[in-house]
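Note sheet for the following structure.
Bear in mind these aren't lab numbers, they're just calculated from the coordinates by the rules spelled out. Only a predicted model underlies this, so the values are computations on that prediction, with no experimental measurement involved. Neighbour counts run over all protein chains shown; Cβ positions are idealised from the backbone, glycine included.
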Amino acid sequence: MRNLTCIVCPIGCFLSVEEGELGGDGFPVLSVTGNRCPRGAVYAQEEIRSPKRVVTATCAVIEDGAAPDRSEYAPRRVPVKTSGPCPREKIDGLLKEIYRTGVKLPVKAGDTILSNWGGQGIDVVAVRSLG
């Protein structure tokens, strides 16, 4: 049995998830209790079977067309996030790509920095404008 706290709504239900026999899809049938709404059961199913996370990070600013500065002084950085959740097992690869990416100024909040990363349908977008 696993215990989770639902993060779908502000109630924060304490969920208990028990695995049963294998279903037709190859995954065990999950029994979810403690949820006050159907969204809690859906959240628990997804969290157990294929967890995903929205990723936040920063990209280096490219000054005067040069490569991102890797010196001892940290370059200016642009905060970014994914447009949707990323499978948890792919987050390390995504972060490596984000940290290798340089951004030319000006950048506006909402600008796409990486498009359709890894064919996952996930864009990486700027969350703050810098000029």
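Could you run through segment 98-127 and say how many residues are of a type outside the set (A, V, I, L, M, F, W, C) and either touching a His at 6+ places or on another chain (Cβ under 8 Å) or within 13 Å of Thr56 (Cα to Cα) (or both)? So the count comes out to 2.
The set of residues in segment 33-58 that are surrounded by 14 or more Cβ atoms within 10 Å (Cβ to Cβ) and not in a strand (DSSP E or B) comprises Gly34, Asn35, Arg39, Gly40, Ala41, Val42, Tyr43, Ala44, Gln45, Glu47, Ile48, Val55. Looking across segment 81-131, the residues that are farther than 28 Å from Ile48 by Cα, among the hydrophobic types (A, V, I, L, M, F, W, C) and surrounded by 13 or more Cβ atoms within 10 Å (Cβ to Cβ) come down to Val103, Val107, Ile113, Leu114, Ala126, Val127, Leu130. Taking (1) farther than 24 Å from Asn3 by Cα; (2) in a loop (DSSP other than H, G, I, E, B); (3) over 13 Å from the mean Cα position of the chain (by Cα) in turn, Val103 satisfies each apart from (2).
Of the residues making up segment 11-31, one or more are surrounded by 13 or more Cβ atoms within 10 Å (Cβ to Cβ), in a loop (DSSP other than H, G, I, E, B) and free of Cβ contacts under 8 Å to residues at least 24 places away in the same chain.
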